[in-house]
Structure formats: structure tokens, C-alpha cells
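Engineer: Please read through the structure below; I'll follow up with questions.
The values are calculated or read from the model by the stated rules, or taken from the named source; none is laboratory data. Nothing here was measured: the structure is a model prediction, and the numbers come from that model. SASA here: full protein model, heavy atoms, side chains in, ligands and nucleic acids out. Shrake-Rupley method; radii C 1.70, N 1.55, O 1.52, S 1.80 Å.
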Amino acid sequence: DGGGFGVIKETDSYLYLRFESLKKGFIDDVEFATTSTKETPGILVRSASRIGITDFGVNAIRLNSIAAVLVKEKGWSIAEITPVTHRDYYEAAIDAREATFDSSRKDMKGAEEVKAQIEATTDASAR
């Protein structure tokens, strides 16, 4: 997110952020809404690219980074977004990376590891 982010709207129970990529200027929208009650605390999250059919995995990287800070600094319990938990999302990202002519997208950090995780879960489910 080298292009930075801006707060579009903030209330006691809602936060809407807009992220921009540094090189291409792509815009991603990220929203957080609390659904907390004393009995069932929670937060709903939406993260989406405005353009295209895939984000090359960028939104998962962003949300996992935000989650890691909340886990470390606030003690939250947050499930990581992985190829096992969000297989279709990661498969679309890998397909897009392999099909693109943009070398910076094709060589994104972690692409090979993600592909190996998807293949491993495919092999395990085929057994």
C-alpha cells in the first residue's frame, strides 16, 4: 500500500478506508463494522478492489497485516486468510498473476508459497 490510505468515513461502529497502490494507483475499499454485543463480540470486514476481477492477493495480504498488528498489540484472536480458508480467492489471484504481462504483479511476494499450499490441499482432498 505504498500509495497510502485515507479515512473516508468513521463512526463509533464503522470505519471506511480507501487504499491506493503506489505504482498503478489502483483503489481498494476496506470497511470494518462492529457487530459486538456483550455475549458475541465481533467485527465484519469487507475488502475489495474497484477494478478488475481479482486483486492478485493484495487484499488478503493487507488484511492479514492488519490482523497481525491487532493480535500482537491488542491480544485479539483473528483467523488468518489462507489458501485453505479462501481457496477460490487465491486460485483466482494465482491465475491472474500467471496470465499478466506486468512483471511486478507476476512476481509478487509469496506467490509460489501460496500456489504450493493450494496444491497441497488439493492433493490432500483427493486422497
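Engineer: Work out the count of Lys pairs in the stretch 1-110 where the Cα-Cα distance is under 30 Å, with the pair 8 or more places apart or on different chains.
Structural biologist: Eligible lysine pairs with Cα atoms under 30 Å apart amount to 14.
Engineer: What is the percent carbon and sulfur in the accessible area of the stretch 47-101, measuring with a 1.4 Å probe over the protein chains and ignoring ligands?
Structural biologist: Heavy-atom surface of the stretch 47-101 belonging to carbon and sulfur, 1.4 Å probe: 60 percent.
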